[in-house]
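The values are calculated or read from the model by the stated rules, or taken from the named source; none is laboratory data. Bear in mind the structure is a predicted one, so any value in this text is a computation, not a measurement. Virtual Cβ from ideal backbone geometry, glycine too; neighbours counted across all protein chains shown. In case anyone asks, the SASA skips ligands and DNA or RNA and just uses the protein heavy atoms, side chains included. Shrake-Rupley method; radii C 1.70, N 1.55, O 1.52, S 1.80 Å.
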Amino acid sequence: MTPLHIGIAACSAEGAALCYRTICTEAPALLGGHGHPEVTMHTPSLDDYMNRIYRGDWPAVGELMLASAEKLARMGAAFVICPDNTIHQALPFVEPRSPIPWLHIADGVAAEAVDRGFRRIAITGTRWLTDSEVYPQKLSARGLEWVRPAVGEREEINRIIMDELVRGVFKPEGVAYFQKVIGRLKAEEDCDAVVLGCTEIPLILNDAN
């Protein structure tokens, strides 16, 4: 079977690059040889997104996402994935008008959590993501419990993401802080898994650490 042409609606460079690389490195296990799907990526300037996010204008964020979808559709993409968790808050403004379907990142996470037998999920990511209903809605729909970090923890995680990770800066102190927060959520909140709900977090954190 010929794999479908994947469109990536990108936001930040580091997360989008990891998404693209993951598709291309994991696909050969399914397709054989050096095979991977055709992939097209589009991204406006991160500043264009952040200016809208800082003022809380999610319909305007959706317009940027829709513009990417339209360009990807013209390039032949069959569907869109968005490796940015935060801007999924704007997806309801996009889907009714999109020329091609979108896969929701939290749907995939929730399905994986159920498949792996997890029951109580910690949510990490930018402060906009962790304050939102992007993950709670999808996790609850699958019968999963969820926990947000404390407000102060969300602020520091957001600082690490926005001041360091999206700029390609990876510090041991950042890793240690994530480990501390995740450890607390496990010990005090009885979480048995954590959503790395910002695509840059896996650049410094994985099951090994």
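Which of the following residues is of a type in the set (G, A, S) and closer than 25 Å to I53 by Cα: G152, G183, G117? Selected residue: G152, the only one of G152, G183, G117 that is of a type in the set (G, A, S) and closer than 25 Å to I53 by Cα.
Look at C198 and say whether it is assigned to a loop (DSSP other than H, G, I, E, B) and in contact with a Ser or Thr (Cβ under 6 Å, 6 or more places away or on another chain). For C198, the condition - assigned to a loop (DSSP other than H, G, I, E, B) and in contact with a Ser or Thr (Cβ under 6 Å, 6 or more places away or on another chain) - is met.
Selection of helices (runs of 4 or more DSSP H) fully inside the stretch 76-158 by the criterion of at least 2 residues being free of Cβ contacts under 8 Å to residues at least 24 places away in the same chain and surrounded by fewer than 13 Cβ atoms within 10 Å (Cβ to Cβ) returns 105-115.
Only one of the numbered conditions (1) open to solvent by less than 70 Å² (accessible area, probe 1.4 Å); (2) under 28 Å from L205 (Cβ atoms); (3) free of Cβ contacts under 8 Å to residues at least 12 places away in the same chain; (4) not hydroxyl-bearing (S, T, Y) is not met by M65, and that is (3). In the stretch 33-61, of all residues being free of Cβ contacts under 8 Å to residues at least 60 places away in the same chain and either part of a strand (DSSP E or B) or β-branched (V, I, T) (or both), the one that is surrounded by the most Cβ atoms within 10 Å (Cβ to Cβ) corresponds to V61. Look at (1) in contact with a helix residue (DSSP H, G or I) (Cβ under 7 Å, 6 or more places away or on another chain); (2) at pLDDT 95 or above; (3) open to solvent by less than 70 Å² (accessible area, probe 1.4 Å) and you find that A27 fails only one, number (1). Taking each residue of the stretch 180-200 that is modelled with pLDDT of 95 or more and looking for partners that are loosely packed, with under 15 Cβ neighbours inside 10 Å and not in a helix (DSSP H, G or I) with beta-carbon atoms closer than 7 Å, six or more apart or interchain, yields D192/R119.
Table: residues versus (1) more than 24 Å from C82 (Cα to Cα); (2) open to solvent by less than 30 Å² (accessible area, probe 1.4 Å); (3) within 14 Å of the chain's Cα centre (by Cα).
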{"residue": "D163", "(1), (2), (3)": "no, no, no"}
{"residue": "V169", "(1), (2), (3)": "no, no, no"}
{"residue": "P172", "(1), (2), (3)": "yes, no, no"}
{"residue": "D190", "(1), (2), (3)": "yes, no, no"}
{"residue": "L196", "(1), (2), (3)": "no, no, yes"}
{"residue": "E200", "(1), (2), (3)": "no, yes, yes"}
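Does E70 fit the bill of being more than 26 Å from W146 (Cα to Cα), open to solvent by 20 Å² or more (accessible area, probe 1.4 Å), modelled with pLDDT of 95 or more and charged (D, E, K, R)? It is true that E70 is more than 26 Å from W146 (Cα to Cα), open to solvent by 20 Å² or more (accessible area, probe 1.4 Å), modelled with pLDDT of 95 or more and charged (D, E, K, R).
Condition check ((1) under 19 Å from A16 (Cβ atoms); (2) over 19 Å from the mean Cα position of the chain (by Cα)) across all residues:
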site: M65; (1), (2): yes, no
site: G117; (1), (2): no, yes
site: A122; (1), (2): no, no
site: W128; (1), (2): yes, no
site: P136; (1), (2): no, no
site: R142; (1), (2): no, no
site: E155; (1), (2): no, no
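Among the residues making up the stretch 73-130, those that are aromatic (F, W, Y) and in contact with a strand residue (DSSP E or B) (Cβ under 6 Å, 6 or more places away or on another chain) are W102, F118. Within the stretch 15-56, work out how many residues are closer than 20 Å to Q89 by Cβ and acidic (D, E). Residues that pass the stated criteria total 2.
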